[in-house]
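Contents: one structure, followed by commentary.
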Amino acid sequence: MSRITDLYVKNQRRSRPNIDTSHRCIFKCPQCIRQKTTSQTQIRRSFDLEPEQFKKILDYYDYGITFCGQISDPIYHKDFLSLLKICDGKKKAVRIATVGSGKPDKWWDEAYSYGVGENAWYFGVDGIDKKSELYRIGSNFDDVWKRMKQGRDLGHCIVWQYIVFGYNEHELERAIEIAKEEDFALLVVNTNRGFRTDNPLLRDNVDFKLGAPDAKHREARVKKEYWAHRTKQLESWHNIPRRRWLEENPPPPPEQTVLQQQENRAPWKVMSDEDFDFGLRIAPDGKTDQGVEKISWQQPINENPLKGSLKDE
């Protein structure tokens, strides 16, 4: 049992937890848990994560963290810029999921000064124009679009997250074209949340006027996400854990004999992308543009595979 526990603790450090930094949000998205009567007690007893406590979390997890609020929008944490500053330069993949509206220029200038090449900003924009505000109630489409362009121009990975509703499903192909034109990654979401306007769990002040999309854009149990467009910045961000893993586990020198390699390292076997997203093959099967050995996938046979993938986010 102790061996299993030790292995769990070791591999837990390689996971990437989601952090709800506070209870703060200024929007009224109808399908959000904040709009349910059952969440109000949780919201009232919540608090802001202090930078000192956050640093302990970040130090523990090797490959990064996610800021994606369940009852909050992370950028409305009272001192979110301090959290970004703590992450800066740590060579860890940081994901920030936000509506992205309501902050001044000065705030964004500082936010984007941190984590260039390390942070991926996921903006919830459910449409190609101001119709996005039908779901993101309280947001300003023009402001959000401006912030997305600002981050892109400064070298950040910008992801356009597009939930499919009845009002925007016919514009999905145009959204893909726009994403390519603007150099935004596009993540399409088929929701599993309900569209009942008479849901007894909704708060009385919820303005629920959303129409359900076609059945092909809905999920019965678990939401489905897929990449409709990828960018070079996104691919580079996805590779942060792999590069970090390689730094910590360099391959043996190519001049060593097979026997010497086996003495110095665990035996290796080929794995697929799906089996082991963060593993690395040491076979020198070519050169990359950077002039280093081309990386493929492998993992030590006598180590538990590191499961999970940033590709699905």
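The values are calculated or read from the model by the stated rules, or taken from the named source; none is laboratory data. Remember, it's a predicted structure, so these values are computed and weren't measured experimentally. Reconstructed Cβ throughout: ideal geometry from the backbone, glycine too, with neighbour counts over all protein chains shown.
Return yes when Asp198 is without any contact (Cβ under 8 Å) to a residue 24 or more places away in the chain and within 24 Å of Lys28 (Cα to Cα) and no when it is not.
Yes: the conditions hold for Asp198.
Say whether the condition of being at pLDDT 90 or above and either surrounded by fewer than 18 Cβ atoms within 10 Å (Cβ to Cβ) or not small (Gly, Ala, Ser) (or both) is met by at least one residue in segment 197-209.
Scanning segment 197-209 turns up no residue that is at pLDDT 90 or above and either surrounded by fewer than 18 Cβ atoms within 10 Å (Cβ to Cβ) or not small (Gly, Ala, Ser) (or both).
Just to check your reading of the model, which residue among Arg95, Arg174, Arg152, Arg147 is within 19 Å of the chain's Cα centre (by Cα), more than 22 Å from Phe27 (Cα to Cα) and assigned by TED's automatic domain parsing to the domain that holds Thr231?
After applying the criteria, what remains is Arg152.
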